[in-house]
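J.: Structure incoming, see below.
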Amino acid sequence: MWRLFRRDRFERDMDEELAFHLQSRIDDHVRRGLSPADAERRARLEFGGVDKYKEQIRDGRPLGPLEDLGRDLTYAWRSLRRTPVFALTAIIAIALGVAVNTGLVTLVYALVLRPLPVKDPGTIRNVFMATHGSDHRGTFGTPYVVSYAEFLYMRSHARTAELAAIAEASLSCACGMNGTLAAQLVSDNLLPLIGATPVVGRFFTPQEAATPGATPVVVLSWTTWQQRFGGAADVVGRTVVMNRTPFTIVGVADERATGPLVRRPDVWVPYTMQALTRPGEVLISKPTVGWIQMIARRKPDANDAAMRAELAVLGQQSLLPHNPHRTAIVTVAPGAFLNYPMIMSNGAPVMALLFVAVSFVLLIACANVVNMLLARGFARRREIAIRLAMGAGRMRLLRQFLTESALVGLIGGTVGLALSQIAARMVVASIPADQIGAHQLDLSPDWRILAYTLAVSFITSLVFGIVPALRLLRTDLMPSVKTDRGDLPTSRRRVPLQSVLIATQATVSLALLVNAGLLVRAFDRAVRMDLGQSARNVLIASMNLRQEQYTAERAERLLTDVRDNASRWPGVIAASMTTTDPFVSACGMVATTIEATGSRSPGFQVACDRVGPDYFQALRIPILRGRGFTGDDIRSVSAIAVIDEWLARERFGDRNPLGQHIEIERGRDLEIVGVVAPTQVLQLGTTKAPKVYTPLRGGSFLEAKMLVGHHGATEAVASALRQRAAELDPSLVVSVKPIEQNVSTALMPLRILAGAGAALGGLGLVLACTGLYGVVAFTVSRRQREIGIRVALGADRSSVLRMILGHGLRPVVAGCAIGLLLAAGGGHLIRALLFGVSPIDPITFATTALGLLGAATLAAIVPALAALRLDPMIALRDE
Amino acid sequence: MASRDNDAELLPGTLEMLILKAVSLGPLHGYGILLRIEQISGGALAIEQGALYPALYRLQRQRLVATAWGTSDSNRRAKYYRLTTAGRKRLREETEWWERLVAAMGTALRATSEEV
């Protein structure tokens, strides 16, 4: 409003002033004897075009900052519309660069930074307590969990915050999906603390979460209520059988209550029912075993520093009764899904590496746009010179250019934000459900992500905008005004900048590509690796015997029966049991060898497995010496072990390992009765581990899985397995999967990495090639005249071509050379992920470098040939 | 592009100098400045009268002249221009520079072959 009013007054004043001038002149002429009509005609003639001068006055008029910006934006928009190809390529380049950047940040933000999906998340804190010292201590889950006794002590003494307990468990229930329910074991105050409200019934009373094992009550999540109980209004008071124990439903939480952990729970159960969730592993009665994660609601009158100070003291005091020789380290962190100190410190390097990779893509995109702007700048040189000559301020032109860049950055950033959403969702979707479950990662952009994207886009546009703009403005005007084509005699300083840009692009994209190539090769190698055991035609049957309240004896009877039965089925090679899920889970222990003299070796790390009879036959692991385990070994108590060849060679060299002794559990001296071929693990960052197999016995049966090696009749064997188990226990839920699924699960992280690497590398390559093409094409077009002269003077076309290519490719070659060094450094950093592929794998390095050079040559040769085909006379006459 | 205007017959910047000189003798409205310039230059500088105004607005923006609305001799509302301190300083500098230039040019143009 005010602006319009001001403009009106400006116009009125100007009109009045000019009218006064004309009128005074007319008056003077009339006074000298002209007729009024003649006087007016004469005065107007002398004055010149009124509108023209008004326009000149308006042009020179300083504008309000907003009006100014509006004018700059309009101008920038028009100028982009005039060169749609440039605008589109620049926007796409920036969009892709921003997309990978924001995509990564979105994922990291959702995992470790985003406030929890609870009411009033600002005062919610994660309280992590780690301990170290000489007392025995066990933890279940992360190292940041406390025992029941410790939690009770801290909760009752804390004044700065209210502490609540949470732990995750899976319960078997006929009502659940695949027979299981995801449960959160909670203290009575957790649900109110996160702002949940009961839509039906009530939450737990303090009494219901006070006596271990006393109160089998359950609160349903809204989703479970709707999907499993049809939203029945009378659900409260009903009984639901979980882990073969009847629980009474006391209430249903509201729809928005999804818990403070990544996985959404189906039900909430008082944490005092812990013993039932893992029968045989009663954690709640053991003060030295941590399993409870603490969530805190800060009191209104407290701050984080006070919380830290108080909880550090309380944490230490809570250890005194049972772990007096351990020290507590308490961390108070903002409420977020995965911000344990360990994740923050271990994940940081990986994140940094990924961040470098995505920044490289953004950098390439930036370099592209800089090059395009430079090229475009040359074309606009004449326009700029004229505007400068007309008195436009250099600052004003600079602002104009930067507005243009900012507009490109802003549009590119917006498109990039949309793309990043797609990319982040694709990454999460590519993780199989059994790895992440019903997660509640929120990837939608909140104001922080928006601000980040905006900042990245703006900084990017400033980076790519300012160099070409300054370069343009610094130039001398006159030569540009004079020549029609707007080109300048190539000055010595101009070429290096573009060369540096090309070289940078080549360096960065080569480094990206090589590392992506290494990951792809690692994936390839992992897929085709000789695993030393069968990776197909094996079925794995799992049942939650522990949750189903089996005793060890009953579990052994069931499994042995099914195994003995399955061994006789047609098409079955062998059936056995194991405690580790092949390729997916692993067991590690410290072992010692014992000489006949009784002397013991220092401890060394081994992989371990407890296996049933015929295990090696079922998994087709060759027995090299001695024997495998038999049914008698399982039933007896003989202290025997089978080792793999790696261990045999490493520990016994040329000696016969049979009859030697090894200890993996204190006080159990095992005699080695067999040596088998080594097997590969498929875990990222794990080197081959020597392995010790022991017979499956006792309580381990509760954890065991069935393994059936067969000749390919997967379906028949699977249904026979289910049928046999059902005959023995009709209510037992058995899940059967082929071993291939485990292989694919184990390779998932590598597949994701290789996929992401290949995508980033490919993106980098496309951006670098388009950039290269644009710049070389532009350089050649600027030299068309020179080329024309050379050809006209009789220069050999092929030598001219060589010259152009040489000039275009020199910076690429230089960039590639540096890029190879950078790539070797990167390869070294990701060595752990490479499955033995050398971090300077010559094949990857050579093919990538040659590929990039080839693409660059192609990018250079097309415009060069086009320039040569041009009639020299046209090029010359083009002046 | 604009055609070659009459003000191109002035050396760049000279119009501004003449305006500063004109208002240095006392506040004037635009038309008065025109008359004063015609008078002090002996009518030698022929410019389109309109060209005066963009120059006036430029000087005003550079704060070399200040403006105020007043009443003219003919009893009409008119915008008066007067020199500011900065304007006075600029006029002095420009005059000195101009005189040095004229002297130098004069010497150069009068030089005979012996002196070269």
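J.: When you go through A:VAL105, A:VAL85 one by one, which is the residue that is under 18 Å from A:THR414 (Cβ atoms) and part of a helix (DSSP H, G or I)?
T.: Every option except A:VAL105 fails the conditions.
J.: If you don't mind, another one. What pairs can you find where one residue is in segment B:93-105 and touching a residue at least 12 places away in the same chain (Cβ under 8 Å), the other is outside any helix (DSSP H, G or I), and their Cβ atoms are less than 8 Å apart, with a gap of 6+ or different chains?
T.: These pairs meet every condition: B:GLU94/B:GLY13.
J.: Would you say B:TYR53 is in contact with a Pro (Cβ under 7 Å, 6 or more places away or on another chain) and either within 12 Å of chain A (Cβ to nearest Cβ) or assigned to a loop (DSSP other than H, G, I, E, B) (or both)?
T.: no
J.: Still on this structure: Just to be sure before I move on: is A:LEU80 among the aliphatic types (A, V, I, L, M), within 14 Å of another protein chain (Cβ to nearest Cβ) and either closer than 30 Å to B:GLY32 by Cα or surrounded by fewer than 19 Cβ atoms within 10 Å (Cβ to Cβ) (or both) in the structure I sent? Quick ask: steps written out before the conclusion?
T.: Working: among the aliphatic types (A, V, I, L, M): yes; within 14 Å of another protein chain (Cβ to nearest Cβ): no; either closer than 30 Å to B:GLY32 by Cα or surrounded by fewer than 19 Cβ atoms within 10 Å (Cβ to Cβ) (or both): yes.
For A:LEU80, the condition - among the aliphatic types (A, V, I, L, M), within 14 Å of another protein chain (Cβ to nearest Cβ) and either closer than 30 Å to B:GLY32 by Cα or surrounded by fewer than 19 Cβ atoms within 10 Å (Cβ to Cβ) (or both) - is not met.
J.: If you check A:GLU67 against the conditions, is it within 11 Å of chain B (Cβ to nearest Cβ), in a helix (DSSP H, G or I) and modelled with pLDDT under 90?
T.: So A:GLU67 fails the test.
J.: Got at least one residue in segment A:737-744 being outside any helix (DSSP H, G or I) and under 30 Å from A:HIS710 (Cβ atoms)? So that I can check it myself, show each step before the final result.
T.: Just the residues of segment A:737-744 that are outside any helix (DSSP H, G or I), to begin with: A:737-738.
From what's left, under 30 Å from A:HIS710 (Cβ atoms): A:737-738.
The answer is yes; a qualifying residue exists.
J.: Looking at segment A:588-619 only, could you name the residues that are part of a loop (DSSP other than H, G, I, E, B) and surrounded by fewer than 16 Cβ atoms within 10 Å (Cβ to Cβ)?
T.: Within segment A:588-619, A:GLU595, A:ALA596, A:THR597, A:GLY598, A:SER599, A:SER601, A:PRO602, A:GLY603 qualify.
J.: Additional query: Looking at A:GLY815 and the list (1) assigned to a helix (DSSP H, G or I); (2) buried (at least 20 other Cβ atoms within 10 Å of the Cβ); (3) at pLDDT below 80, which single condition is not satisfied?
T.: (3)
J.: Only strands (runs of 3 or more DSSP E) wholly contained in segment A:215-263 count here; list those with 2 or more residues that are hydroxyl-bearing (Ser, Thr, Tyr).
T.: Ranges flagged: A:245-253.
J.: For a quick check of your reading of the model, give me the residue pairs whose first member lies in segment A:591-613 and is under 30 Å from A:ALA541 (Cβ atoms), whose second is surrounded by fewer than 20 Cβ atoms within 10 Å (Cβ to Cβ) and among the hydroxyl-bearing types (Ser, Thr, Tyr), with beta-carbon atoms closer than 6 Å and at least 6 apart or on different chains.
T.: Filtered contacts from segment A:591-613: A:ASP609/A:THR580; A:ARG610/A:THR579; A:ARG610/A:SER700; A:PRO613/A:THR630.
J.: For segment A:161-170, state whether one or more residues are touching a strand residue (DSSP E or B) at 6+ places or on another chain (Cβ under 9 Å), outside any strand (DSSP E or B), under 30 Å from A:ARG238 (Cα atoms) and of a type in the set (S, T, N, Q).
T.: Here is the first cut: in segment A:161-170, the ones touching a strand residue (DSSP E or B) at 6+ places or on another chain (Cβ under 9 Å) are A:161-170.
Right, trim to outside any strand (DSSP E or B) and you get none.
No, every residue in segment A:161-170 fails to be touching a strand residue (DSSP E or B) at 6+ places or on another chain (Cβ under 9 Å), outside any strand (DSSP E or B), under 30 Å from A:ARG238 (Cα atoms) and of a type in the set (S, T, N, Q).
J.: Looking for whichever is touching a residue at least 24 places away in the same chain (Cβ under 8 Å), surrounded by fewer than 23 Cβ atoms within 10 Å (Cβ to Cβ) and either at negative phi or in contact with a helix residue (DSSP H, G or I) (Cβ under 6 Å, 6 or more places away or on another chain) (or both) here; the options are A:ALA541, A:ALA526, A:ALA552, A:ALA522. Which one fits?
T.: On inspection, the qualifying residue turns out to be A:ALA552.
J.: Find the residue count for segment A:252-261, including only residues that are surrounded by fewer than 17 Cβ atoms within 10 Å (Cβ to Cβ) and either under 11 Å from A:ALA438 (Cβ atoms) or small (Gly, Ala, Ser) (or both). Walk me through it before giving the result.
T.: First, the residues of segment A:252-261 that are surrounded by fewer than 17 Cβ atoms within 10 Å (Cβ to Cβ): A:254-256.
Now drop any that are not either under 11 Å from A:ALA438 (Cβ atoms) or small (Gly, Ala, Ser) (or both), which leaves none.
Number satisfying all stated conditions: 0.
J.: So the check is Cβ under 6 Å with 6+ separation or different chains; which pairs have a first residue in segment A:708-722 that's at negative phi and a second one that's part of a helix (DSSP H, G or I) and surrounded by 16 or more Cβ atoms within 10 Å (Cβ to Cβ)?
T.: So the pair list comes out as A:VAL708/A:ALA566; A:VAL708/A:VAL717; A:GLY709/A:ALA618; A:HIS710/A:VAL717.
J.: Exactly one of these conditions fails for A:PRO287: (1) in contact with a helix residue (DSSP H, G or I) (Cβ under 6 Å, 6 or more places away or on another chain); (2) in a strand (DSSP E or B). Give me its number.
T.: Among (1) in contact with a helix residue (DSSP H, G or I) (Cβ under 6 Å, 6 or more places away or on another chain); (2) in a strand (DSSP E or B), A:PRO287 violates only (2).
J.: Given the criteria without any contact (Cβ under 8 Å) to a residue 12 or more places away in the chain and under 32 Å from the mean Cα position of the chain (by Cα), does A:GLY122 qualify?
T.: Spelling it out, A:GLY122 is indeed without any contact (Cβ under 8 Å) to a residue 12 or more places away in the chain and under 32 Å from the mean Cα position of the chain (by Cα).
J.: Test of understanding: among A:VAL118, A:VAL50, which residue is within 14 Å of chain B (Cβ to nearest Cβ) and not charged (D, E, K, R)?
T.: A:VAL50 is the lone residue from the list that is within 14 Å of chain B (Cβ to nearest Cβ) and not charged (D, E, K, R).
J.: Test each condition in (1) under 15 Å from A:VAL146 (Cβ atoms); (2) buried (at least 20 other Cβ atoms within 10 Å of the Cβ) for A:ALA336 and report the one that comes out false.
T.: Checking A:ALA336 against (1) under 15 Å from A:VAL146 (Cβ atoms); (2) buried (at least 20 other Cβ atoms within 10 Å of the Cβ), the one that fails is (1).
J.: Turning to a different aspect of this structure: Out of segment A:634-678, which residues are β-branched (Val, Ile, Thr) and surrounded by 13 or more Cβ atoms within 10 Å (Cβ to Cβ)?
T.: A:ILE634, A:ILE640, A:VAL642, A:ILE643, A:ILE662, A:ILE664, A:ILE672, A:VAL673, A:VAL675, A:VAL676
J.: Scan segment B:11-40 for residues that are modelled with pLDDT under 85 and either more than 10 Å from the chain's Cα centre (by Cα) or at the interface with chain A (Cβ under 9 Å from one of its Cβ atoms) (or both) and report the count.
T.: 6
J.: Can you tell me which residue among A:ASP614, A:ASP644 is closer than 30 Å to A:LEU753 by Cβ, modelled with pLDDT of 90 or more and out of contact with any Phe, Trp or Tyr (no Cβ under 7 Å at 6 or more places or on another chain)?
T.: A:ASP644
J.: Mind counting the residues in segment B:58-71 that are surrounded by fewer than 21 Cβ atoms within 10 Å (Cβ to Cβ) and either more than 10 Å from chain A (Cβ to nearest Cβ) or under 15 Å from A:LYS54 (Cα atoms) (or both)?
T.: So the answer is 7.
J.: State which residue is nearest to the other protein chains (Cβ to nearest Cβ) when the search covers only segment A:9-47 and only residues that are buried (at least 18 other Cβ atoms within 10 Å of the Cβ) and farther than 12 Å from B:TYR31 by Cβ.
T.: If we take residues in segment A:9-47 being buried (at least 18 other Cβ atoms within 10 Å of the Cβ) and farther than 12 Å from B:TYR31 by Cβ, then A:MET14 is nearest to the other protein chains (Cβ to nearest Cβ).
J.: Looking at (1) modelled with pLDDT under 80; (2) under 30 Å from A:SER420 (Cβ atoms); (3) among the aliphatic types (A, V, I, L, M), which is the only condition A:LEU760 fails?
T.: All conditions pass for A:LEU760, except number (1).
J.: Among the residues of segment A:332-389, which ones are over 29 Å from A:ASN515 (Cα atoms), among the small types (Gly, Ala, Ser) and assigned to a helix (DSSP H, G or I)?
T.: Correct list: A:ALA375, A:GLY377, A:ALA379, A:ALA385, A:ALA389.
The values are calculated or read from the model by the stated rules, or taken from the named source; none is laboratory data. Remember, it's a predicted structure, so these values are computed and weren't measured experimentally. A quick note on method: Cβ atoms are made from the backbone with ideal geometry, for glycine too, and the neighbour counts reach across all protein chains shown.
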